[in-house]
Amino acid sequence: MSATSPAHRHAALCKEIAAHDYRYYVLDDPSISDFAYDALLRELREIEADHPVLVSEHSPSQRVSGKPREGLRKVERAVKMYSLDNAYATADIDAFVARCTESLEGEEVLFTVEPKLDGASLEVVYEGGHLALATTRGDGAVGEDVTTNVRTIRSLPLTIAHEGKLTLRGEVVLYKRDLAKLNELRAREGLEPFANPRNAAAGSLRMLDAREVAKRPLRVLVYQLVEGSSMHQSHAESIAWLRSIGLPTHGLEVCVPAAGIAAELERLDGLRTSYPYETDGAVVKVNDYAQQSRLGFTSKYPRWAMAYKFAAERARTRVLDIVVQVGRTGALTPVAVLDPVPLGGTTVSRASLHNADQIAELDVRVGDTVFVEKAGEIIPQVVGVEANEGPSRGEPFAMPTVCPACGGPVSARARDEERPDLGVEAALRCTNRTCSAKVKGAVLHWSRRFAMDVSHLGESLVDQLVDAGLVADVADLYDLTYEALVKLDRMGDKSARNLVEAIAASKARPFSRVLTGLGIPQIGQVAANQMAERVRSIEALFASSAEELRATLASIHGFGDKMVEAAVAFVFDPETRSLLERLRDRSVGTPEPESDRVEGPLSGQRVCVTGTLTKKREAVHDAIRAAGGVVHDGVKKDTTILIAGEKVGQAKLDQAKKYGVRVVGEADLDAMLAG
């Protein structure tokens, strides 16, 4: 090959672009500007246009496929992808280490301690030096082929300097800074922001159009060599070798004896805010492969590895102000305006104070230094006040006596109308039905993905619609026209048309979504589905008397007296009746089909789902029902299974323990659904 030939230049460009990808996406240390990088890629494409014979699937120009796929192919993997057993206290790690050392009696045992990545699990296969296959976790034994999507991730090389077959496990992640930029873009487009990097990564992996995946700043970090190299005797050796051949690895920290694990866990806990990606713990593994083999596996977990979960991250900052927000139910919620502080991958500038009782208990005041955590790793809340004394301290905060949004009266509801001795709720509520804040909250709730799923309807746009008098309730959405929308600030031609189309499309949502979107007191998403199975349409609601509806709802498993009475009172409220009539007249909501009892692998099981999952919660609920199971919105006495994803709230775990409910992971649910 001549040094000046197109083929020679093509090969040199492929190598140079791959090197720059590694520096930018793996080392986070680019050596050329974006302009210069684009020029190299443009030159490569020009050569390929002139010499099509040089184009191959391994070229950097071919990372993105040209058309969407129709579905995801199932792939059975040779080596099962197991979950990790979780430890929430150092005592659990001590017990794990003791089990390992007892089983390997007389042998020296070293452990690796490494960050636990908070993303979406992935298996990658290289053959002949080229990326050949990428699959999701699935149920561990069977995953989905997402090779086309993974090829768009530039941190993962399309070619490597190893000719044999390699099977690797890793995590698809978004860096914290990239998630913040992505959410800013989604907010401008009227889309709901991603709650965390894990949700964004998992959802992106399963998209059917790789061109859309390519727009998301995904990265792959490899954490395990499964098959393909017999030259290494340990996990640490393998990770070092993978890094040496240009693969992005997850930051394996150290290899230590049992006595050094606690210090490493503490060190990693202190370092987690410095990582560019989210971590929610650390993984402790037996380092030696031969020892791993002798320890083996349980039916769910490897006996040679355990995940240690860190406590919720906490930040220290100052309260600049305390303001009061009004939600869709009229509840007045005090919020601390904070000196911005990094926390859990985002910059936090506001945190919930919940209610007047919480403020009084914390004695938090403007100017105080406070500690902030993320409840469930998502919602910032003030959890403590640093000792603040002296005459310069601010005055105690008092809740307003009128609604800050509309100036209407506020009151506290009785905790239980039949038990006046229990007093009233801590929350104050605006009693004005036409309060603009309540209307805005109701419209936003109606548009949420789990309700009527009206895309392109963000918070700022809802504010405009209500403030301009175009929307006074959710039925008014269906009267909006392109001509009215295009006159709003920052509303272009395309945005107006997209919103009109999205609102029209929402009319076809099933009646259960209508009930969810209405936000009936005491009736959550699960209960709305149950209610819709018995009362299948708006027409059926109108056809029922109050006593008939009360009897119907009381016959639903899990509906207590308070739920029944709250739903009946809501439906027969005159303003609700008027709203339902207007929704019916606009053909909103598709009647639920007649449903026979489904028999399947979960028949007889009553299942509650909690925590962060790789799939949308609604899809998991639908799968459980399709398999014959009943979905519970909380852990109850007769709940039989709790599906626990990542970041599970302790309250549900405590309830499960109290009632003897079986707790399983998402992979276990997938296995049960598959029979």
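Each value in this text was obtained by applying a stated rule to the coordinates, not by laboratory testing. Fair warning: this is a prediction, and the values are worked out from it, not measured in the lab. Backbone-built Cβ (ideal geometry, glycine too); neighbour counts: all protein chains shown.
What the table below lists for this structure:
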{"quantity": "Options CYS100, TYR223, ALA134, ranked by Cα towards positive dipole end of segment 78-309, top entry (Cβ charges)", "calculated": "ALA134"}
{"quantity": "Additional length obtainable on full extension of the chain from ASP94 to SER603, 0.36 nm per residue less Cα span", "calculated": "179.3 nm"}
{"quantity": "Cα gyration tensor, segment 560-653 - rounded (a/c under 1.5), prolate or oblate", "calculated": "prolate"}
{"quantity": "Charge-dipole axis of the chain as Lys and Arg at +1 and Asp and Glu at -1 on Cβ define it, positive-most pick from ALA12, ALA569, ILE538", "calculated": "ILE538"}
{"quantity": "For segment 438-585: Kirkwood Rh in Å [reciprocal of mean 1/r, alpha carbons]", "calculated": "16.1 Å"}
{"quantity": "Lysines whose Cα lies under 25 Å from that of LYS487, excluding same-chain neighbours fewer than 8 positions away", "calculated": "LYS438, LYS440, LYS507"}
{"quantity": "Links that overshoot a 18 Å alpha carbon limit, given the list LYS637/LYS658; LYS181/LYS215; LYS116/LYS309; LYS562/LYS636; LYS615/LYS637; LYS616/LYS637", "calculated": "LYS615/LYS637; LYS616/LYS637"}
{"quantity": "Under the Debye formula (equal points on every Cα, no solvent term), log10 I(q)/I(0) of segment 606-673 at q = 0.23, 0.24, 0.27 Å⁻¹", "calculated": "-0.97, -1.06, -1.33"}
{"quantity": "Linear extension gain, GLN325 paired with ASP489, 0.36 nm per residue minus alpha-carbon span", "calculated": "56.6 nm"}
{"quantity": "Fewest-first sequence of THR346, THR610, THR431, THR298 by Cβ atoms within 10 Å of each Cβ", "calculated": "THR298, THR431, THR346, THR610"}
{"quantity": "Top positive-direction residue, dipole computed over segment 606-673 with Cβ charges, set VAL661, ALA626, LEU673", "calculated": "VAL661"}
{"quantity": "Paramagnetic label zone (point 7 Å from Cα along Cα-to-C-beta, ARG267; backbone N under 11 Å) in segment 97-118", "calculated": "113-114"}
{"quantity": "Cα centroid separation, segment 615-675 to segment 438-494 (Å)", "calculated": "35 Å"}
{"quantity": "Three principal axis lengths of segment 78-309 [C-alpha, angstrom, descending]", "calculated": "60, 40, 32"}
{"quantity": "Exposure proxy ranking, count of Cβ atoms within 10 Å, fewest first, for ARG63, ARG316", "calculated": "ARG316, ARG63"}
{"quantity": "SER5 paired with GLU107, simple spin-label distance in nm, labels 7 Å along Cα-to-beta-carbon", "calculated": "5.3 nm"}
{"quantity": "Expected-Rg normalisation [2.2 N^0.38 Å, Cα atoms] applied to the chain", "calculated": "1.07"}
{"quantity": "Interchain or long-range residues, amide H under 5 Å from PHE111's placed H", "calculated": "VAL256, ASN287"}
{"quantity": "Cα-projected label distance for SER545 with ARG316, points at 7 Å along beta-carbon direction, nm", "calculated": "6.7 nm"}
{"quantity": "Inter-centroid distance (Cα atoms) of segment 80-145 relative to segment 223-299, Å", "calculated": "9 Å"}
{"quantity": "GLU76 paired with VAL402, simple spin-label distance in nm, labels 7 Å along Cα-to-beta-carbon", "calculated": "7.2 nm"}
{"quantity": "Size of electric dipole in the chain: Cβ of Lys, Arg +1 and of Asp, Glu -1, about Cα centre, debye, nearest 20", "calculated": "820 debye"}
{"quantity": "Dipole in debye (nearest 20) - segment 606-673, about Cα centre, beta carbon charges: Lys, Arg +1; Asp, Glu -1", "calculated": "240 debye"}
{"quantity": "Additional length obtainable on full extension of the chain from LEU208 to ASP654, 0.36 nm per residue less Cα span", "calculated": "156.7 nm"}
